[in-house]
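Reading through the structure tokens given below for one structure.
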Amino acid sequence: MRQNPSLALDDPDEVKRLIRENPWTSMISHTSAGELVASHYPVILDEDAEGIVLLSHVGRPDEALHELGRHELLVIIQGPHGYISPGWYDGPADAPTPAVPTWNFVTAHLHGTPELLSDEENLRVLDRLVDHFEERMPEPRRLNGTPASSAYAARIVGGTVGFRLRVSRLSAKSKLSQNKPAETVARILAELDGDGPYASPALAAEMRRVHDPVPPVTDAPLGAEPSGPQGHDR
């Protein structure tokens, strides 16, 4: 991925947030036969591990196609993204500012060599994976919610191969109109929050994270004047 230092997403906590909120990934391997193999699976974070560690699984025979565990795997996280029309930029309709459309996005490329899990650990990871997504449901269906469900999961686990991937290097990018003035950003946000063909509230929310960040909490002495308008440093 072509990187621009001004658009780099360097904060590990922000990369973890991106993974949590966008768990459906593309997994890409370059095999010993010189082929590119791609699959798509959900991932979760190992929240107890240091650094960025992914937990997931593939269905057989994808583990053989990827030669899983034998070489580096690329996992692509795709956050909110969308088309940005030049009509949302500055200038009246009869004399618009020259501009071209673009695409705003947030994405991360994560690299590491997978560690294959035993059937027992794979079953525990699948249990965590199901719990992670079922938590939002009004009546969560747990993998081990009933004896019958547990028995069924134990039978089918052999059809999957679980893995743990410790991210050894990453490249993450947040391209969200950082080069535009505040007035233009406001217009883009209004369009993304609207009901037009390219509306995207999720992308608007990502843009607000970089254009209107929450100010840091400081231990200023009582009675001290805040810096900047309304206490915000801009």
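Could you tell me whether the range 159-178 includes any residue that is without any contact (Cβ under 8 Å) to a residue 12 or more places away in the chain and not aliphatic (A, V, I, L, M)?
no
One residue is enough: does the range 121-141 have a residue meeting the conditions modelled with pLDDT of 90 or more and in contact with a Ser or Thr (Cβ under 6 Å, 6 or more places away or on another chain)?
No - not one qualifying residue is present in the range 121-141.
Check every one of the strands (runs of 3 or more DSSP E) wholly within the range 98-200 and list those with 3 or more residues that are under 21 Å from G82 (Cα atoms), open to solvent by 30 Å² or more (accessible area, probe 1.4 Å) and in contact with a strand residue (DSSP E or B) (Cβ under 7 Å, 6 or more places away or on another chain).
Hits in the range 98-200: 102-112.
The values are calculated or read from the model by the stated rules, or taken from the named source; none is laboratory data. Source: prediction; values computed, not measured. Backbone-built Cβ (ideal geometry, glycine too); neighbour counts: all protein chains shown. Calculation scope for accessible area: heavy atoms of the full protein, side chains included, ligands and nucleic acids excluded. Shrake-Rupley method; radii C 1.70, N 1.55, O 1.52, S 1.80 Å.
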